[in-house]
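Structure first, then comments.
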Amino acid sequence: MDGETRSAGSNVRAVPLAMRRVEPACNGAPACPRASPPSNLFLPSFSLSTRRRRMSHPRESALELRVGKKFRLGRKIGSGSFGDIYLGTNMTSGEEVGIKLESVKSKHPQLLYESKIYKILNGGLGVPSLRWFGVEGEYNVMVIDLLGPSLEDLFNYCGRRFQLKTVLMIADQLLCRLEYCHSKNFIHRDVKPDNFLIGLGKRAQIVHVIDFGLAKKYRDPKTHQHIPYRENKNLTGTARYASINTHVGIEQSRRDDLESLGYVYMYFIRGSLPWQGLKANTKKQKYEKIMEKKMNTPIEVLCKGYPAEFRAYFEYCRALRFDDKPDYAYLKRLFKELFFRKGFQFDAMFDWTVLNLRSGRRERGTSGEGERSARADPRQEAARDGRQIASQGRVYVRDEAKEGDAQMQQQQSYRSAGYRDDRQVAMDAGYPAPRVATGASRDALGEAKPMSRQRY
């Protein structure tokens, strides 16, 4: 995605709040060298906390930094728009959190603004909770829920293509996330796979939306007066997924978030978009080439060989006027009806879930006892949490056998989201209720045959 992201006031490439390998901090120095930092965001200096115990080991030194009198700062795990993200720990409960830092000297401070949006969106399904915001020394600090890998990480893990079933299961969730943001009077303006993360543990089936540094209020909360139509606007967001109207300089509104989401769907199901990999001497020239290719690619060409619902989605989004309220129910119904027609079951078996189960089987295949256990109860294999940690393009799976039976896990996951069980989730969403994966249906879990990569 190099050269395809342009943020207001910055050219930062947004990276999701996913755990990643990092190099150890430089001991005894206020900052570690890093190539072309956008706003001098390094490992925090000594001024970040007044309760730092000096330690000789460079990897231990950062762990003694504290924020908000409650959270211990750990290693750097990523970068987002206008800020760096660190792993943190609640010193009272031991719970891991994400800590985002931004220099108070930043030319374009955004963290306070982003924290206010998280407060407004608080309580929404698939929106991480804001734990704390404040100033520590030379940094603005925001503490939020720690999440798992992004859809971009999982896309890479699955060989850079999702099956139709997976795309349709996440399509409904992503539409719901944008609908919720829009209901709270904000448009996201940077819809892309990197900004959608799965949860951890019991919430691993829930996709979360993050990174509101570029979000904008599109209407007055009280009067619902829409912002005025304007032109000659700079491109804000990521060029690969930007709407055509955004490319030509038209003020963004709800329709643009939805068009960007359509490009995300096609990226997942196709494996790439026609305007990827274009060469240019400058970023401006690359943006222009992307715009030209996007405008010259008809919807029927973009969606050729795939279900007609994707074409209908784009036709609807592009027909919306600037201040129109989208019919979210219609768009979700498009994909639900396709889901029905294909005979899929809403069993939360995403492509990455299937790969994790296979990986677990292979690891235990060398043990005769493990094989006998698997034959005795295939659900035991899914009982592992499969906590996924994305690191430098790879996804590592950490087994946690104490989580219990897989069916119990799914039920607990959905109960925490306000549902009674996974069957109720499917019915509430309008999908066929899932069947129990036993006997003849085990192939659906990928046990006997490899995952199909056929196009529908």
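The values are calculated or read from the model by the stated rules, or taken from the named source; none is laboratory data. Here the structure is a predicted model, which means the values were calculated and not measured. As a convention, Cβ positions derive from the backbone with ideal geometry for all residues, glycine included, and neighbour counts pool all protein chains shown.
Restricting D351, D323, D327 to residues that are in contact with a strand residue (DSSP E or B) (Cβ under 8 Å, 6 or more places away or on another chain), at pLDDT 95 or above, in the same structural domain as I250 (by the TED database) and not hydroxyl-bearing (S, T, Y) narrows the list to D323.
Out of all the residues in region 133-141, is one or more surrounded by fewer than 24 Cβ atoms within 10 Å (Cβ to Cβ), small (G, A, S) and assigned by the TED database to the domain that holds C317? The answer is no, given that none of the residues of region 133-141 is surrounded by fewer than 24 Cβ atoms within 10 Å (Cβ to Cβ), small (G, A, S) and assigned by the TED database to the domain that holds C317.
Screening G305 on (1) within 24 Å of C176 (Cβ to Cβ); (2) in contact (Cβ under 8 Å) with a residue 12 or more places away in the chain; (3) surrounded by fewer than 20 Cβ atoms within 10 Å (Cβ to Cβ) shows it passes everything except condition (1).
Within region 221-232, none of the residues are outside the structural domain of F82 (by the TED database) and within 26 Å of the chain's Cα centre (by Cα).
Taking the condition buried (at least 24 other Cβ atoms within 10 Å of the Cβ) and either more than 13 Å from the chain's Cα centre (by Cα) or outside the structural domain of N122 (by the TED database) (or both), does F155 pass? Answer is no for this residue. All of V104, V127 fail the test of being out of contact with any Pro (no Cβ under 8 Å at 6 or more places or on another chain), among the β-branched types (V, I, T) and touching a residue at least 40 places away in the same chain (Cβ under 8 Å), apart from V127.
Among the residues examined, G98 qualifies as touching a strand residue (DSSP E or B) at 6+ places or on another chain (Cβ under 7 Å) and either assigned to a strand (DSSP E or B) or of a type in the set (A, V, I, L, M) (or both). When D327 is tested against (1) under 25 Å from the mean Cα position of the chain (by Cα); (2) closer than 20 Å to L174 by Cα; (3) surrounded by 12 or more Cβ atoms within 10 Å (Cβ to Cβ), just one condition goes unmet, and that condition is (3).
Of the listed requirements (1) in contact with a Gly (Cβ under 9 Å, 6 or more places away or on another chain); (2) crowded, with 23+ Cβ neighbours inside 10 Å; (3) under 23 Å from Y313 (Cβ atoms), S253 misses just one: (1). Entry remark, region 70-95: residues being modelled with pLDDT of 90 or more and either within 11 Å of N140 (Cβ to Cβ) or in a loop (DSSP other than H, G, I, E, B) (or both) number 6 in total.
Take the conditions more than 23 Å from R240 (Cα to Cα), outside any helix (DSSP H, G or I) and small (G, A, S) and apply them to G148. Does it pass? It is true that G148 is more than 23 Å from R240 (Cα to Cα), outside any helix (DSSP H, G or I) and small (G, A, S).
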